[in-house]
């Protein structure tokens with residue numbers, strides 16, 4: 001799960017005491033909980049690009065939040081390999097729900113062209 005504008009201290013599984021996040025806590029308990037991970041960038045689109053491609057932000061195509069058109073961040077190249085491609089190749093069904101922000105509708109970098117089987121969300125920053 002990549003959550004935009006959410007800090008680790010906002011979740012009860014990381015010690016938040018003012019409010020509870022039981023569903024995310026259950027995912028953390030039954031899955032993998034990172035304790036020493038840093039975002040790929042200080043802004044959202046490059047962070048998503050770094051996470052999905054495994055590339056350091058210095059080698060990633062998307063390095064900032066700059067819309068080229070309404071609803072359109074700079075797209076990743078068509079031959080970009082994402083985690084979704086690798087999961088799908090391993091037999092998993094992949095889905096992305098929420099903000100994409102890595103290419104405009106109709107571009108070579110729509111979620112369904114980047115390894116995701118299902119997408120429900122929006123493109124804009």
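Please find, within the stretch 58-92, the residue that is surrounded by the most Cβ atoms within 10 Å (Cβ to Cβ) out of those that are in contact with a helix residue (DSSP H, G or I) (Cβ under 6 Å, 6 or more places away or on another chain) and in contact (Cβ under 8 Å) with a residue 40 or more places away in the chain.
The extreme case among them is 62.
Among the residues of the stretch 93-120, what is the count of those that are loosely packed, with under 15 Cβ neighbours inside 10 Å, in contact with a strand residue (DSSP E or B) (Cβ under 7 Å, 6 or more places away or on another chain) and at positive phi?
1
Do you know which of the residues in the stretch 17-42 that are crowded, with 18+ Cβ neighbours inside 10 Å and under 13 Å from the mean Cα position of the chain (by Cα) is modelled with the highest pLDDT? Lay out the reasoning, then the answer.
Start the filter on the stretch 17-42 by keeping residues that are crowded, with 18+ Cβ neighbours inside 10 Å, which leaves 24, 40-41.
From what's left, under 13 Å from the mean Cα position of the chain (by Cα): 40-41.
On the way: 40: 80, 41: 84.
Of everything passing the filter in the stretch 17-42, 41 is modelled with the highest pLDDT.
Which residues, counting only those in the stretch 1-16, are under 19 Å from the mean Cα position of the chain (by Cα), more than 30 Å from residue 79 (Cα to Cα) and part of a loop (DSSP other than H, G, I, E, B)?
6, 7, 11
Tell me, yes or no, whether the stretch 50-57 has at least one residue that is within 19 Å of residue 99 (Cβ to Cβ), in contact (Cβ under 8 Å) with a residue 40 or more places away in the chain and out of contact with any strand residue (DSSP E or B) (no Cβ under 8 Å at 6 or more places or on another chain).
To start, the set of residues in the stretch 50-57 that are within 19 Å of residue 99 (Cβ to Cβ) comprises 50-53, 57.
Next, only the ones that are in contact (Cβ under 8 Å) with a residue 40 or more places away in the chain stay: 51-52.
When the remaining residues are screened for being out of contact with any strand residue (DSSP E or B) (no Cβ under 8 Å at 6 or more places or on another chain), the result is 51-52.
So far as the stretch 50-57 goes, yes, one or more of its residues are within 19 Å of residue 99 (Cβ to Cβ), in contact (Cβ under 8 Å) with a residue 40 or more places away in the chain and out of contact with any strand residue (DSSP E or B) (no Cβ under 8 Å at 6 or more places or on another chain).
So how many residues does the stretch 69-101 have that are outside any loop (DSSP other than H, G, I, E, B) and closer than 23 Å to residue 6 by Cβ?
Residues in the stretch 69-101 being outside any loop (DSSP other than H, G, I, E, B) and closer than 23 Å to residue 6 by Cβ: 9 in total.
Report, by residue number, each residue of the stretch 17-31 that is in a loop (DSSP other than H, G, I, E, B) and closer than 22 Å to residue 83 by Cβ.
From the stretch 17-31, those in a loop (DSSP other than H, G, I, E, B) are 17-21, 31; that's our starting set.
Selection gives 31 alone.
For residue 47, all conditions in the list (1) assigned to a loop (DSSP other than H, G, I, E, B); (2) modelled with pLDDT under 90 hold save one; what is the number of the exception?
Evaluating residue 47 over (1) assigned to a loop (DSSP other than H, G, I, E, B); (2) modelled with pLDDT under 90 leaves (1) as the failure.
Which of (1) assigned to a loop (DSSP other than H, G, I, E, B); (2) crowded, with 21+ Cβ neighbours inside 10 Å; (3) modelled with pLDDT of 90 or more is the odd one out, the single condition residue 52 does not satisfy?
(1)
The values are calculated or read from the model by the stated rules, or taken from the named source; none is laboratory data. Note that the coordinates shown come from a computational prediction; the quantities given were computed from them, not determined experimentally. Backbone-built Cβ (ideal geometry, glycine too); neighbour counts: all protein chains shown.
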